[in-house]
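Participant: Below is the structure I would like to discuss, written out as structure tokens.
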């Protein structure tokens, strides 16, 4: 009987100690205006992220691209800058002739184009070239790498590096090799 009383006393002390630890050590959630905001992030159009700030825990403003002219490359789509160009597929004949045979000229190539920021492996934008091989991307100013998707072996498409200025569209030509020799 005495043994049961000791066990019950130890159990009650442990429960009370646990209750005390929980009630005194639990952090109280901050109320509005206390200076602590949730750790959420908003993705901006240029690919950067901003967190919550200020007394109302509102998202900070997205950075805008600098421009010397009004309306150039701001942070709200559509941009007034980007890249446009074409994708071609060649050679299309096994033997090149002199003078060149017009039927053997490079052909337009409809394919998927991936845009990445220079030095990054993350995809920034993806699009398609049309049946005439033409493509266009509205992009914020910066350095980009364009990659056209070829087949599993052929065609092999070149990678093109472009610099997009705050206004205007940078021309780009992507060549894809058919492997015909």
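The values are calculated or read from the model by the stated rules, or taken from the named source; none is laboratory data. Keep in mind that what you see is a predicted model, and the values were worked out from it rather than measured. Ideal geometry is used to build each Cβ from the backbone, glycine not excepted, and the neighbour counts take in all protein chains shown.
Participant: Of the residues that sit in region 11-69 and are modelled with pLDDT of 65 or more and surrounded by fewer than 10 Cβ atoms within 10 Å (Cβ to Cβ), which one is nearest to residue 81 (Cα to Cα)?
Facilitator: 39
Participant: For residues that are out of contact with any strand residue (DSSP E or B) (no Cβ under 6 Å at 6 or more places or on another chain) and more than 17 Å from residue 114 (Cβ to Cβ), scanning just region 141-164, find the one that is modelled with the highest pLDDT.
Facilitator: The qualifying residue modelled with the highest pLDDT is 154.
For (1) within 28 Å of the chain's Cα centre (by Cα); (2) modelled with pLDDT of 80 or more; (3) more than 23 Å from residue 164 (Cβ to Cβ); (4) part of a strand (DSSP E or B), each residue gets a yes or a no:
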| position | (1), (2), (3), (4) |
| --- | --- |
| 71 | yes, no, no, no |
| 76 | yes, no, no, no |
| 79 | yes, no, no, no |
| 87 | yes, yes, no, yes |
| 98 | no, no, yes, no |
| 115 | yes, yes, no, yes |
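Yes/no per residue for (1) closer than 17 Å to residue 92 by Cβ; (2) touching a residue at least 12 places away in the same chain (Cβ under 8 Å); (3) within 15 Å of the chain's Cα centre (by Cα):
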position: 109; (1), (2), (3): yes, yes, no
position: 118; (1), (2), (3): no, yes, yes
position: 126; (1), (2), (3): no, yes, yes
position: 139; (1), (2), (3): no, yes, yes
position: 145; (1), (2), (3): no, yes, yes
position: 150; (1), (2), (3): yes, yes, no
position: 155; (1), (2), (3): yes, yes, no
position: 160; (1), (2), (3): no, yes, no
